[in-house]
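Chemist: Take this structure, written in structure tokens, and hold onto it; I'll ask about it next.
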Amino acid sequence: MTPIDLAEKYMDCVFKTGNLEELRKILSDDLQFRGPFFNFNSADTYVDSLKNDPPMDFKYDIIKSYANGSSACLVYQFSKPGVSTSMTQIFETMDGKINSILLIFDTGAFRSK
């Protein structure tokens, strides 16, 4: 899969199907996830966090996407009841899997709720 294919599959697994087994298959074992609230140093700890606190009532609408070599970037409008904010995720890939995710957004939209 291309980097953009992997990024889209990630979004589908997290936001639409909730299929964390499929998600785990596209993540490198040593996945590095960095975000405003959480950081993870392996795919298993990241997926376990999603199992323990599954995303619910979330949706997204892609604003812009691009791919560049081994990376992909998605800019989207994220929303759930009471919260709507723009988010950006940068996905770095290696050997057909996502090995790094950087999630960027303004945390103020969540802290005021």
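The values are calculated or read from the model by the stated rules, or taken from the named source; none is laboratory data. Just so it is clear, the model here is predicted, and its values are computed rather than measured. Cβ placement follows ideal geometry from the backbone for every residue including glycine, while neighbour counts extend to all protein chains displayed. Accessible surface is based on the protein model in full, side chains and every heavy atom, while ligands, DNA and RNA are left aside. Shrake-Rupley method; radii C 1.70, N 1.55, O 1.52, S 1.80 Å.
Chemist: I'd like to know if the stretch 23-38 contains one or more residues that are aromatic (F, W, Y), within 14 Å of I101 (Cα to Cα), open to solvent by less than 80 Å² (accessible area, probe 1.4 Å) and free of Cβ contacts under 8 Å to residues at least 40 places away in the same chain.
Modeler: no
Chemist: Is at least one residue of the stretch 41-60 aromatic (F, W, Y) and touching a residue at least 60 places away in the same chain (Cβ under 8 Å)?
Modeler: no
Chemist: Something else: Just to verify a result, which residue in the stretch 56-113, among those that are small (G, A, S) and under 15 Å from V14 (Cβ atoms), is most open to solvent (accessible area, probe 1.4 Å)? Give the steps one after another, and end with the answer.
Modeler: Taking the stretch 56-113 first, the residues small (G, A, S) are 65, 67, 69-72, 79, 82, 84, 86, 96, 100, 108-109, 112.
Imposing the further condition that a residue be under 15 Å from V14 (Cβ atoms) reduces the set to 72, 79.
Values: A72: 1, S79: 24 Å².
The extreme case among them is S79.
Chemist: For the stretch 1-22, what are the residues that are under 15 Å from G96 (Cβ atoms) and among the acidic types (D, E)?
Modeler: If the condition is that a residue be under 15 Å from G96 (Cβ atoms) and among the acidic types (D, E), then D5, E8, E22 are the ones that fit.
Chemist: Now for a separate question. Can you find even one residue in the stretch 39-46 that is open to solvent by 50 Å² or more (accessible area, probe 1.4 Å) and at pLDDT below 95?
Modeler: No, the stretch 39-46 contains no residue that is open to solvent by 50 Å² or more (accessible area, probe 1.4 Å) and at pLDDT below 95.
Chemist: (1) modelled with pLDDT under 95; (2) within 28 Å of R111 (Cβ to Cβ): which one isn't true of N19, the others all being true?
Modeler: The single condition N19 does not satisfy is (2).
Chemist: When you scan the stretch 1-22, how many residues do you find that are open to solvent by 30 Å² or more (accessible area, probe 1.4 Å) and either within 11 Å of the chain's Cα centre (by Cα) or without any contact (Cβ under 8 Å) to a residue 24 or more places away in the chain (or both)?
Modeler: 10
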